[in-house]
Amino acid sequence: MSKMTPQEMAAKIGSGLLSFPVTPFKADYSFDEATYRANMDWLCGYEVAGLFAAGGTGEFFSLTPAEVPEVVRVAVDETRGRVPVLAGTGYGTAIAREIAVGAEKAGADGLLLLPPYLTHAEQDGLAAHVEAVCKSVKIGVIVYNRDNAILQPDTLARLCERCPNLVGYKDGIGDIELMTRVYSKMGDRLTYIGGLPTAETFALPYLDMGVTTYSSAVFNFVPEFATNFYAAVRKRDHATIHAGLKDFILPLIAIRNRKKGYAVSIIKAGMKVIGRDSGPVRLPLTDLDAAEMAELTALVKALPAAAVSQAAE
């Protein structure tokens, strides 16, 4: 059981960079615990405010409800309290609650509630779904506003009144007007997280809207680059930010956008590039082809030495 209150967890994750470690798989697609432990221990050596086990980049969508708490247990055990560990949960309400309870028992400090599987619902239904998950646990919950689960400001305000442990709001749609209305309505009641794919591209404008942190997928394989970029964002160092976007992030996005599902695949490919092979992505995702791997390898090697020098240690 977490020793952090929901409010302590929210304050901690809002203070720095966040990331979603990949979930390593063996050749037969089973969970590779040894590699996961090594990766988590390595990432804890960098300035990161929270790690999300079995999140989107961790292929939550391909894990069974029984596997998620197991991945979380290993993450909690390996991080040894050095950083908060949050767990993904989602699907329909019953499954989401089951995963949430299992993650809490496994020691998670908080939850990221992903959208319900496939279905669309009205605001009342979405609110009831979020409330049911919040009330199933004592740890803090962050709601992920994206796709088919877009909470409006009034709905969010009512949920915050009913659910003291709803402490975070992650934006995954990029609607600046909605983000502004949410922040205006809720103020510092919530911790706000940038959650768009390749969040670095939106980090600076979102900072001006009160979004102090974001989830960096590239932190998995270029943590020095990711932490330096985040520091530049917080200092509003435009020159460093634009150089990072031009030289690395935008070329990475160009590869990512070629095929569906590559937002996850390219991160696992990056792990292979730096010598921390974390296995294949699970179906229905597909891995990068040889030509794309060569492009990514060249992109990583072109970074300043400090950005990748410790990657393969």
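Read-outs: derived from the displayed coordinates by stated rules, not from any lab. Since this is a predicted model, take the numbers as computed values, not measurements. Don't worry about glycine lacking a Cβ; one is built from the backbone with ideal geometry, like all the others, and counts go over all protein chains shown.
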State which entries of 170/246; 135/170; 105/135 exceed 23 angstrom in Cα-Cα distance in the structure shown. 170/246
What per residue convex hull volume, in Å³, do the alpha-carbon atoms of the range 8-104 yield? 93
Of the residues 288, 183, 231, the Cα lying farthest along the dipole of the range 160-313 towards its positive end, which is defined by charges on the beta carbon of Lys, Arg, Asp and Glu, belongs to 183
Expected max-MSF residue from 205, 164, 84 in the GNM of the chain (alpha carbon, under 10 Å) is 205
Restricting attention to the alpha-carbon atoms of the range 175-268, what are Rg (one decimal) and Dmax (integer), both in Å? 13.9, 39
Helix axis angle, 153-162 relative to the chain longest principal axis, alpha carbon, degrees: 70
Nearest 5 percent is fine: what portion of the DSSP beta bridges confined to the chain is antiparallel? 5
Please compute the contact order of the range 158-275 in relative form: average sequence separation of alpha-carbon pairs under 8 Å and at least six residues apart, divided by the residue count, as a percent. 19
Tell me the label-point distance for the pair residue 64, residue 260, using the 7 Å Cα-to-Cβ offset, in nm and rounded to one decimal. 2.6
Using +1 on the beta carbon of Lys and Arg, -1 on that of Asp and Glu, and nothing else charged, what's the dipole of the range 1-107 about the Cα centre, debye to 20? 300
With only Lys, Arg, Asp and Glu charged, each at its Cβ (+1 for the first two, -1 for the last two), find how big the charge dipole of the range 90-240 is about the Cα centre; round to the nearest 20 debye. 320
Running a GNM on the chain with Cα contacts under 10 Å, which residue among 177, 98, 200 ends up with the highest mean-square fluctuation? 177
Evaluated over the range 103-252, the Cα radius of gyration and Dmax, each in Å: 16.3, 46
Would you kindly give the portion of the calculated P(r) for the range 70-174 that falls above 22 Å, as a percent of all Cα pairs? 26
Find the cysteines in the chain that fail to meet the 4.7 Å Cβ criterion with every other cysteine, and list them. 44, 160
What percent do you get for the relative contact order of the chain when only Cα pairs under 8 Å and 6+ apart count? 19
Structure-derived Cα Rg over 2.2 N^0.38 Å: which label, when the choices are (1) 1.27; (2) 0.93; (3) 1.05: (2)
Between the residues 303, 216, 241, the Cα farthest towards the positive end of the dipole of the range 176-313, that dipole coming from +1 and -1 charges on the beta-carbon of Lys, Arg, Asp and Glu, is from 216
